[in-house]
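**Student:** One structure, pasted below without further comment.
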Amino acid sequence: MLERKKYIRIVIGLGVTLGVLIVAALCMGRFSMNPSDVMEVFTAKLSGGTPDESMETIVFKIRLPRVLAAVLIGAALSLSGTAYQSTFRNPLISPDLLGVSSGASLGAALAILLGGSLQITQGFAFVGGIIAVLLATSMPKLLRNSSNMTLVLSGIIVTGFMDALIGVIKLLSREQDQLASIVFWQMGSLSHVNTAQLLSILAPILVCLVVLFVLSWRLNILSFGEQEAQTVGINVTLLRGIIIVCASLLTASAVSVSGTIRWIGLIIPHFGRLICGSDNTKLIPTAALLGGAFMLVIDTLARTMTSIEIPLSILSGLVGAPLFAWLLFRQKAKVL
Amino acid sequence: MSIEISNLDFSYGTKQVLRNLNLSINPAETLTILGPNGSGKTTFLSLVAGLLAPSGGSIVYDGKPFKAMSLRKMAQLVGYVPQILMPAFDYSVLDYVVTGCAPQIGSLGRPRQKHYDTALEAIQLLGIEHLTEKSYRQISGGERQQVSIARVLAQSPTYILMDEPTSHLDYGNQIRVLKTIKQLKEKGFGVVFTTHNPDQALLIEGKTAIIDRQGNLVFGDSSEMIDEEYLSELFGTQMRIARIEKKGRKVCYAASLNNEETEEAERVEEAELAEEAEMAEEAERVEEVELVEEMGADI
């Protein structure tokens, strides 16, 4: 058992780090600012004064929505991965492996093909993600085999099928504009995020976060196994249902804005466990903070490293894949 | 109050696993469930634990059928110690044991200090305090079995079910588990456990139920149920039961690894030997009595 004091120190440490990162991210960009400038804009805005107009636009209209979206999406993906891993008792599961990301891409691609607006694309992506996870999680039930491998394989099957359908849509799309949008969407980016989009995912993500946090101790029991949970009086079907819905809502909300971003939902829960152990009552807040910080770093790098935006899935893959390899090496592949 | 099981049937799809079982399970008593592989021992336990619903018949406690009981009520009545499993994630022993308190904690709640105290008490009762802060994944199989029992003690149900608590354990740990079962019985718990070893039924006494390959169950006092002929047929191998006078208990064992004809010859020979031994014993006893009488006369 992790001592309470140590845990509180971890959470405070992560919170402060995230705060510093947010301020740093607000300063960084093509038009770089001092932290004091950013603070000035904030205090002026809050006290009802008139800050420098161009600075205000950059901070409040351009950077802040994007920075907050990055934190929110990173937290959502990490929480989603944590919840899936615990409820399926499978440390190899992640939102992308369950096909959520591919399903969301398919939904978005379909909306782009049909010429839908940004909101419609977001909605389609959301529904696609949910359908994919339902397919992936119901397959082991039909096969009556609940081993770790079956679920991973189901995820691969669903992902493969969804990817094939995306291919079909790409073939059917107009080369000049639609195809480019679909490809861009699949690579993931926060470059077009606006306040309205941020607000549209804020509520579902916060609600799911609270629900998962409240149920986190029960999630621990579920992670020991269905029988163990049921024999201590837990309604396994109901609890697992709520948790899967929350985890799927989180990922679907995130990718509906950002496009597909792989790896975060897989590696952040593992890093969280490295820091604070497997106890979900502590892991859920830790993973949310860690994921938010990680995503913010990735997105800030994506928009500042070169003169053009680097798609998020490229950066998260470049960073995430080696990190996961290192984690496996460290744990001597115990997860298998 | 007993758990009354009557005319219990269970089928997986079209395959009938248990047929018309009738028995009662009492508090402060042990019930050993014996049977060959695939005879439905675990299925039977799952039914009593409320993990499966019967296809026919009923399981009733205090006039109330199990199906009418809430999951929480069920958990307060029956605790279940599953076969040793390796959890996917790492928890400390204390964090694991405290999950036994779940029936006493609200659906949205978390364990408080008093629940941790209950868990610590259960850990103490089993004498495994040294494991409290250890990682559940890194302790041995025997220790994990004791930890699982501590968890069910923290749950504090009236009945405790254990699915093959001695399998995968070395001999010393098997005996340790049996001792624990006996202690639990003495504390007033009704303990039901499945095993492959008929000798355990004799060792622990109490009641025994035997499930055969057809899914029929016979039930009675352990000393009567452990019968050479019946067990030999059940397990398809020659079984022997002998009395160890020194310990005053019977043991059950496989006769030998020879084929059946040599078996029979050996059996006859052994019976003769036993008779001879008995006669010798009788003679000794007579001698002793005479000796005592003589001494008495001297005094």
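The values are calculated or read from the model by the stated rules, or taken from the named source; none is laboratory data. If you're wondering where the values come from, they're calculated on a predicted model, not measured in any experiment. Backbone-built Cβ (ideal geometry, glycine too); neighbour counts: all protein chains shown. What goes into the accessible areas is simple: the full protein's heavy atoms, side chains included, and nothing from ligands, DNA or RNA. Shrake-Rupley method; radii C 1.70, N 1.55, O 1.52, S 1.80 Å.
**Student:** Kindly identify region B:1-149 as rounded, prolate or oblate by the Cα gyration tensor criterion: order the square roots of the eigenvalues as a ≥ b ≥ c, call it rounded if a/c is under 1.5, otherwise compare a/b with b/c, prolate if a/b is larger, else oblate. Show your work: numbers first, answer last.
**Tutor:** On the way: a/c = 2.17, a/b = 1.66, b/c = 1.31.
Because a/c hits 1.5 or more and a/b exceeds b/c, region B:1-149 counts as prolate.
**Student:** Counting each DSSP H run of 4 or more residues in chain A as -39500 (n - 2.57), what helix-only mean residue ellipticity at 222 nm follows after dividing by all residues, to the nearest 500 deg cm²/dmol? Don't jump to the answer; show the numbers that get you there.
**Tutor:** Details: 15 runs with 249 residues, N = 336.
Helices in chain A give a 222 nm mean residue ellipticity of -24500 deg cm²/dmol.
**Student:** So, one more: Using only the Cα atoms of region A:287-336, each taken as one equal point scatterer with no solvent, compute I(q) by the Debye sum, divide by I(0), and report log10 of the ratio at q = 0.15, 0.18, 0.26 Å⁻¹.
**Tutor:** Debye intensities relative to I(0), on a log10 scale: -0.50, -0.66, -0.97.
**Student:** Using only the Cα atoms of region B:68-114, construct the convex hull and provide its projected area averaged over every direction, in square nanometres to one decimal. Display every interim value, and only then the final one.
**Tutor:** On the way: hull surface 18.3 nm².
Mean shadow area of the hull around the Cα atoms is 4.6 nm².
**Student:** Specify whether the C-alpha gyration tensor of region B:179-236 places it in the rounded, prolate or oblate class, a ≥ b ≥ c being the square roots of the eigenvalues: rounded for a/c under 1.5, otherwise prolate if a/b is larger than b/c and oblate if not.
**Tutor:** Working: a/c = 2.30, a/b = 1.94, b/c = 1.19.
Prolate shape, in that a/c is at least 1.5 and a/b is the bigger ratio.
**Student:** Moving to a separate point now. Probe radius 1.4 Å, ligands and nucleic acids left out: can you give me the accessible area buried at the A-B interface, summed over both chains, in Å² to the nearest hundred? Write out the running numbers ahead of the final one.
**Tutor:** On the way: alone 15920 and 16590 Å², together 29600 Å².
Result for this pair: about 2900 Å² buried.
**Student:** Let me ask something else about it. How big is the equivalent ellipsoid of region B:115-176 along its three axes, where each semi-axis is √(5λ) from the Cα gyration tensor, reported in whole Å from largest to smallest?
**Tutor:** Numbers: eigenvalues 71, 48, 17 Å².
Result for region B:115-176: semi-axes of 19, 15, 9 Å.
**Student:** Give the Rg (one decimal place) followed by the Dmax (whole number) of region A:254-303, computed from C-alpha coordinates and expressed in Å.
**Tutor:** Every Cα atom of region A:254-303 included, Rg and Dmax give 11.7, 35 Å.
**Student:** May I ask you to derive the FRET efficiency for B:F235 and B:Y171 from their Cβ-Cβ distance with R0 = 22 Å, giving the value to the nearest 0.05?
**Tutor:** Working: r = 20 Å, r/R0 = 0.90.
In this case the efficiency is close to 0.65.
**Student:** If each Cα of region A:132-236 is one equal point scatterer, what is log10 of I(q)/I(0) from the Debye formula at q = 0.11, 0.12, 0.23 Å⁻¹?
**Tutor:** Calculated log10 I(q)/I(0) at the listed q: -0.64, -0.74, -1.17.
**Student:** Would you grab the residues whose amide H sits under 5 Å from the one on B:K250? Only those 5+ places off in sequence or on another chain, please, with H modelled 1.01 Å from N.
**Tutor:** Amide H to amide H, under 5 Å and 5 or more residues apart or across chains, B:K250 pairs with B:I244.
**Student:** List the Cys residues of the protein assembly as shown that have no partner Cys with a C-beta closer than 4.7 Å.
**Tutor:** Within the protein assembly as shown, the cysteines lacking a partner Cβ under 4.7 Å are A:C27, A:C276, B:C101, B:C252.
**Student:** Restricting things to Cα coordinates, could you compute the convex hull volume per residue of chain A in Å³? Kindly include the intermediate steps, with their values, before the conclusion.
**Tutor:** Details: hull volume 49.4 nm³, N = 336.
Taking the convex hull of the Cα positions in chain A, it is 147 Å³ per residue.
**Student:** Count charges around A:F213 for me, please; just the other residues with Cβ under 15 Å from its Cβ, Lys/Arg as +1, Asp/Glu as -1.
**Tutor:** On the way: positive: A:R218, A:K282, B:R110; negative: A:D279.
Around A:F213, the surrounding residues sum to +2.
**Student:** Using a 1.4 Å probe on the protein chains only, how many percent of the accessible area of region A:1-65 belongs to carbon and sulfur? Don't jump to the answer; show the numbers that get you there.
**Tutor:** Values: 2680 of 4270 Å².
Heavy-atom surface of region A:1-65 belonging to carbon and sulfur, 1.4 Å probe: 63 percent.
**Student:** Shifting gears a bit: From the cross-link list A:K5/A:K282; A:K61/A:K170; B:K187/B:K246; B:K114/B:K185; A:K282/B:K134; A:K141/B:K67, which pairs have alpha carbons spaced over 21 Å apart?
**Tutor:** Working: A:K5/A:K282 12 Å; A:K61/A:K170 33 Å; B:K187/B:K246 28 Å; B:K114/B:K185 25 Å; A:K282/B:K134 18 Å; A:K141/B:K67 24 Å.
Where the Cα-Cα span goes over 21 Å, the pairs concerned are A:K61/A:K170; B:K187/B:K246; B:K114/B:K185; A:K141/B:K67.
**Student:** Right, here's the next one. For chain B, report the translational diffusion coefficient in µm²/s to the nearest whole number, using Stokes-Einstein at 10 °C, 1.306 mPa s, and a Kirkwood Rh over Cα pairs. Don't skip to the end; give the middle numbers.
**Tutor:** On the way: Rh = 21.6 Å.
Taking Rh from Cα pairs, D becomes 74 µm²/s.
**Student:** For a distance above 19 Å, tell me the whole-number percent of Cα pairs in region A:222-271 that qualify.
**Tutor:** Details: 553 of 1225 pairs.
Result: 45 percent of Cα pairs exceed 19 Å.
**Student:** Using a probe radius of 1.4 Å on heavy atoms only, what accessible surface per residue do you get for region A:6-45? Whole Å² is fine.
**Tutor:** Numbers: 2400 Å² over 40 residues.
Roughly 60 Å² per residue, with all protein chains present.
**Student:** So, one more: If you roll a 1.4 Å probe over region A:95-252 with all protein chains in place, what percent of the accessible area is carbon or sulfur? Can you show the working numbers first?
**Tutor:** Numbers: 5000 of 6910 Å².
Carbon-and-sulfur percentage of accessible area, whole number: 72.
**Student:** A follow-up question, please. Quick check: at a probe of 1.4 Å, how many percent of the accessible area of chain B sits on carbon and sulfur atoms?
**Tutor:** Details: 7530 of 15130 Å².
The C+S portion of the solvent-accessible surface of chain B is 50 percent.
**Student:** Against the empirical 2.2 N^0.38 Å scaling, what ratio does the C-alpha Rg of region A:187-262 come to?
**Tutor:** 1.37
**Student:** Using the alpha carbons of region B:145-299, what is the convex hull volume per residue in cubic angstrom, as a whole number?
**Tutor:** Working: hull volume 27.0 nm³, N = 155.
In region B:145-299, the Cα hull volume divided by residue count equals 174 Å³.
**Student:** I would also like to ask the following. Kindly tabulate the residues in region B:113-143 with an accessible-area decrease of at least 10 Å² between the chain alone and the assembly of all protein chains, using a probe of 1.4 Å.
**Tutor:** Residues passing the criterion (a loss of at least 10 Å², heavy atoms only) are B:Y116, B:E133, B:R137, B:Q138.
**Student:** So what's the projected area for region A:1-76, the Cα convex hull averaged over all directions, in nm²? Mind showing how you got there, number by number?
**Tutor:** On the way: hull surface 26.2 nm².
Orientation-averaged projected area of the Cα hull: 6.6 nm².
**Student:** Where in chain B is the longest stretch that carries no GluC sites (Glu not before Pro) classed as loop by DSSP and with at most 14 other Cβ atoms within 10 Å? Spell out each step's value before the answer.
**Tutor:** Working: sites that count: B:E133, B:E245.
Between exposed loop sites, the widest span is B:1-132.
**Student:** Taking a ≥ b ≥ c as the square roots of the eigenvalues of the Cα gyration tensor of region A:243-336, is the shape rounded (a/c under 1.5), prolate (a/b larger than b/c) or oblate?
**Tutor:** Working: a/c = 1.96, a/b = 1.32, b/c = 1.49.
The shape class here is oblate.
**Student:** Please report, in whole Å³, the volume per residue of the convex hull around the C-alpha atoms of the protein assembly as shown. Intermediate results must be reported in sequence, preceding the final value.
**Tutor:** Values: hull volume 135.6 nm³, N = 635.
Output value, Cα hull per residue: 214 Å³.
**Student:** With the cut-off at 26 Å, report for region A:193-311 the share of all Cα pairs above it, as a whole percent.
**Tutor:** Roughly 28 percent, once rounded to a whole number.
**Student:** Probe of 1.4 angstrom, ligands and nucleic acids ignored: what's the accessible area per residue over region A:265-332, in square angstrom?
**Tutor:** Working: 2470 Å² over 68 residues.
For region A:265-332, the solvent-accessible area averages 36 Å² per residue.
**Student:** Got a sec? Which residues of region A:224-244 lose 40 Å² or more of accessible surface with every protein chain in place, vs. that chain alone, 1.4 Å probe?
**Tutor:** Correct list: A:F224, A:Q227, A:E228, A:Q230, A:T231, A:V232, A:G233.
**Student:** If you don't mind, another one. Can you compute the helix-only [θ] at 222 nm over chain B? Use -39500 (n - 2.57) per DSSP H run of at least 4 residues, normalise by all residues, nearest 500 deg cm²/dmol.
**Tutor:** The helix-only estimate for chain B comes to -12500 deg cm²/dmol at 222 nm.
**Student:** What's the percent breakdown of Cα-Cα distances in region A:22-120 across 5 Å bins, shortest bin first?
**Tutor:** For region A:22-120, the pair-distance distribution reads 2, 11, 14, 13, 11, 11, 12, 11, 9, 3, 1.
**Student:** What number comes out for accessible area per residue over region B:193-259 if the probe is 1.4 Å? Units Å², please.
**Tutor:** Numbers: 3550 Å² over 67 residues.
For region B:193-259, the per-residue accessible area is 53 Å².
**Student:** Nearest 0.05, what FRET efficiency do A:T43 and A:V168 give at R0 = 51 Å with Cβ-Cβ as r? Each step should come with its number before you reach the end.
**Tutor:** Details: r = 53 Å, r/R0 = 1.05.
Given R0 = 51 Å and the Cβ-Cβ separation, E is 0.45.
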